[in-house]
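Below you'll find the structure, written out as structure tokens, and then a few comments.
The values are calculated or read from the model by the stated rules, or taken from the named source; none is laboratory data. As the structure is a prediction and not an experimental result, all values here were calculated from the model. Note that each Cβ is placed from the backbone with ideal geometry, even for glycine, and that neighbours are counted across all protein chains shown. The accessibility values were calculated without ligands, DNA or RNA, using every heavy atom of the protein model including side chains. Shrake-Rupley method; radii C 1.70, N 1.55, O 1.52, S 1.80 Å.
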Amino acid sequence: MDTNNEKEVLFNPGCEPVVEDEERRRLLWLMAEYFRTIGYTDIKARLPGFMPPPILSGTIEDHRPDFTCRQSDSARTPIILEIVTPGMVEEPTAENRWSLLASAAKLYNAELHFVVPKWATNGPVDPSLKRRLARMELTANRVWTV
């Protein structure tokens, strides 16, 4: 019998408040610090110490973006950002997630950004990601290579 009074909350995959994968977490920290440095506001990230972005409800499954913020332009344009590691580019489950993020970006007049590592053992990741997004008929406002 558990007497710790600890609440254990279970999240569906893709909805956890904190990214557990170390490579994704490193890239996420880098982008959170970058956007904070350039004055973007309302930063939410799936990182310890940050408020996580809200869960987006989809028709097939729900997902939580890796990162959201508002730009410092006059419209305070929102950004929805997804971290993509080399192994995720061809992952079958990415299709539903990325489609939901793209739909949310359209709905909220937000920009959809993807972040990939600059170096990977199998070569650059961004061309593969761009091809996959094109096959899915999704458009990213920006693919960051960091």
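For region 112-134, a residue qualifies if it is open to solvent by less than 50 Å² (accessible area, probe 1.4 Å) and in contact with an Asp or Glu (Cβ under 9 Å, 6 or more places away or on another chain), and the qualifying residues are Leu112, His113, Phe114, Val115, Val116, Pro117, Ser128, Arg132.
Residues in region 72-103 that are in contact with a Gly (Cβ under 9 Å, 6 or more places away or on another chain) and open to solvent by less than 30 Å² (accessible area, probe 1.4 Å): Arg97, Leu100. State the number of residues belonging to region 135-144 that are open to solvent by less than 100 Å² (accessible area, probe 1.4 Å), without any contact (Cβ under 8 Å) to a residue 40 or more places away in the chain and over 19 Å from Cys69 (Cβ atoms). Final tally of qualifying residues: 0. Entry remark, region 105-146: residues being in a helix (DSSP H, G or I) and either more than 24 Å from Arg76 (Cβ to Cβ) or of a type outside the set (D, E, K, R) (or both) number 12 in total. Anything in region 30-49 that is surrounded by fewer than 17 Cβ atoms within 10 Å (Cβ to Cβ) and touching a Lys or Arg at 6+ places or on another chain (Cβ under 7 Å)? List them, or say none. Selection gives Thr41, Asp42. Pairs linking a residue in region 24-53 that is more than 14 Å from Val146 (Cβ to Cβ) to a residue that is open to solvent by 80 Å² or more (accessible area, probe 1.4 Å) and hydrophobic (A, V, I, L, M, F, W, C), with Cβ atoms under 7 Å and 6 or more positions apart or on different chains, are Lys44/Met51; Leu47/Trp29.
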